[in-house]
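Participant: First, the structure itself, so that you have it in front of you.
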Amino acid sequence: MSTIDVPLKNGGFGSTRRTDNWWIEPLVVFFCYLAFIVYSNWAVFQAKDYHYVGNGADYLSPMYSPMLTEEGPVAASGLTTAPGPAPSFWPRFIPFSPAMLILVFPLAFRFSCYYYRGAYYKAWWLDPVSCAVGEPRKKYLGEKYFPLIVQNLHRYALYFAIIFIALLAYDGWKSLWFTAPGADLDSPRHFGVGLGSLILILNPILLSLYTFGCHSLRHLVGGRKDVMSDNSTRKKCYDCVSGLNKKHMMWAWISMFYVGFVDLYVRMCSSGAWHDLRIL
Ligand code: FES
């Protein structure tokens, strides 16, 4: 068997004997994360235009779902609803956005995801920036000590992520029911399909492809067992999760940016910049 002698530490930070373009991947990951962080922070602090009700539609941005506060009246434009008041427990000196109470759950899930950890440890903490490349720190405490020990909460964040998929699937279902244009929000609805309906429905599907390939779920459905062949249902579930797990990185990126795109679509329709295409 051939071997290769690559020292783990070869001098200072960034020094290596690698001759490939090892720095490209962490650099791309860095900017992709940065783009999402900038957009999602902007969307959170907008605290408006997250619910499109124009043309009888009912599209809610996934960053503001479920609707936690009492909804305000339909705005003069007829395209969106006014944000409701902040809950009584919210400190007055902090600007309120319902998304702040919601995003903590999906963000905790993503932040502690095994794939994301590997990616942002390299791209953001540079620890190490890539395999066989000199590290900026001499001491490594791992995930057995604070603060990284909290990453072990991932399996609990998974339960919340599954609940959110159900909530977003319900939003997709609601997006298929329209009132007559200009009618009151509580008036009877009829079945219809807008481009926004399709966009909202695809969102929980992509999130499912990411979430149901989770390493923690894989362990839960069968990974902790020594023998799986004695239970065919468990074996099928395990194989299914394992199949999704092989593409976990791909679904992680696609589903993350798609959530941002759905928010953008709802926001653009609500502000009148884009017009929702009615298909049925
Ligand atoms: S390991 Fe990525 S979602 Fe659980």
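The values are calculated or read from the model by the stated rules, or taken from the named source; none is laboratory data. If you're wondering where the values come from, they're calculated on a predicted model, not measured in any experiment. Note that each Cβ is placed from the backbone with ideal geometry, even for glycine, and that neighbours are counted across all protein chains shown.
Participant: Looking at PHE105, PHE89, can you tell me which residue is within 16 Å of the ligand (Cβ to nearest atom) and either of a type in the set (A, V, I, L, M, F, W, C) or over 24 Å from the mean Cα position of the chain (by Cα) (or both)? Please lay out each step first, then the result.
Facilitator: Working: PHE89 fails: within 16 Å of the ligand (Cβ to nearest atom).
Just a single option satisfies the conditions, and that option is PHE105.
Participant: Within region 152-183, count every residue that is at pLDDT below 95 and of a type in the set (S, T, N, Q).
Facilitator: Residues that pass the stated criteria total 1.
Participant: Would you point out which residue out of LEU148, LEU153, LEU158 is under 17 Å from HIS215 (Cβ atoms) and loosely packed, with under 14 Cβ neighbours inside 10 Å? Walk me through it before giving the result.
Facilitator: Details: LEU148 fails: loosely packed, with under 14 Cβ neighbours inside 10 Å; LEU158 fails: loosely packed, with under 14 Cβ neighbours inside 10 Å.
Just a single option satisfies the conditions, and that option is LEU153.
Participant: Which condition number does ALA166 fail, the rest of (1) within 30 Å of VAL53 (Cα to Cα); (2) of a type outside the set (Asp, Glu); (3) within 16 Å of the ligand (Cβ to nearest atom) being met?
Facilitator: Among (1) within 30 Å of VAL53 (Cα to Cα); (2) of a type outside the set (Asp, Glu); (3) within 16 Å of the ligand (Cβ to nearest atom), the lone unmet condition for ALA166 is (3).
Participant: May I ask you to verify whether ILE94 is in a helix (DSSP H, G or I), away from the ligand (no atom under 16 Å from the Cβ) and not hydroxyl-bearing (Ser, Thr, Tyr)? So that I can check it myself, show each step before the final result.
Facilitator: On the way: in a helix (DSSP H, G or I): no; away from the ligand (no atom under 16 Å from the Cβ): yes; not hydroxyl-bearing (Ser, Thr, Tyr): yes.
No.
Participant: Please determine whether any residue of region 147-157 is in contact with a Lys or Arg (Cβ under 9 Å, 6 or more places away or on another chain), away from the ligand (no atom under 16 Å from the Cβ) and not in a helix (DSSP H, G or I).
Facilitator: Scanning region 147-157 turns up no residue that is in contact with a Lys or Arg (Cβ under 9 Å, 6 or more places away or on another chain), away from the ligand (no atom under 16 Å from the Cβ) and not in a helix (DSSP H, G or I).
Participant: Might you check whether a residue that is closer than 16 Å to LEU198 by Cα and within 16 Å of the ligand (Cβ to nearest atom) occurs anywhere in region 234-245? So that I can check it myself, show each step before the final result.
Facilitator: Here is the first cut: in region 234-245, the ones closer than 16 Å to LEU198 by Cα are none.
Looking through region 234-245, none of the residues is closer than 16 Å to LEU198 by Cα and within 16 Å of the ligand (Cβ to nearest atom).
Participant: Oh, and also: I'm told ALA75 meets every condition in (1) of a type outside the set (Val, Ile, Thr); (2) over 18 Å from the mean Cα position of the chain (by Cα); (3) surrounded by 20 or more Cβ atoms within 10 Å (Cβ to Cβ) except one. Can you identify the failing condition by its number?
Facilitator: So ALA75 meets the others, but not (3).
Participant: What residue, among those in region 183-233 that are within 20 Å of TYR156 (Cβ to Cβ) and polar (S, T, N, Q), is farthest from the ligand (Cβ to nearest atom)? So that I can check it myself, show each step before the final result.
Facilitator: Going through region 183-233, the residues within 20 Å of TYR156 (Cβ to Cβ) turn out to be 207-208, 210-224.
Narrowing further to those that are polar (S, T, N, Q): 208, 211, 216.
On the way: SER208: 12, THR211: 6, SER216: 5 Å.
So, considering only residues that are within 20 Å of TYR156 (Cβ to Cβ) and polar (S, T, N, Q), the one farthest from the ligand (Cβ to nearest atom) is SER208.
Participant: Take ASP226 and decide whether it is more than 19 Å from the chain's Cα centre (by Cα) and closer than 30 Å to GLY54 by Cβ. Lay out the reasoning, then the answer.
Facilitator: On the way: more than 19 Å from the chain's Cα centre (by Cα): yes; closer than 30 Å to GLY54 by Cβ: no.
Against the criterion (more than 19 Å from the chain's Cα centre (by Cα) and closer than 30 Å to GLY54 by Cβ), ASP226 does not qualify.
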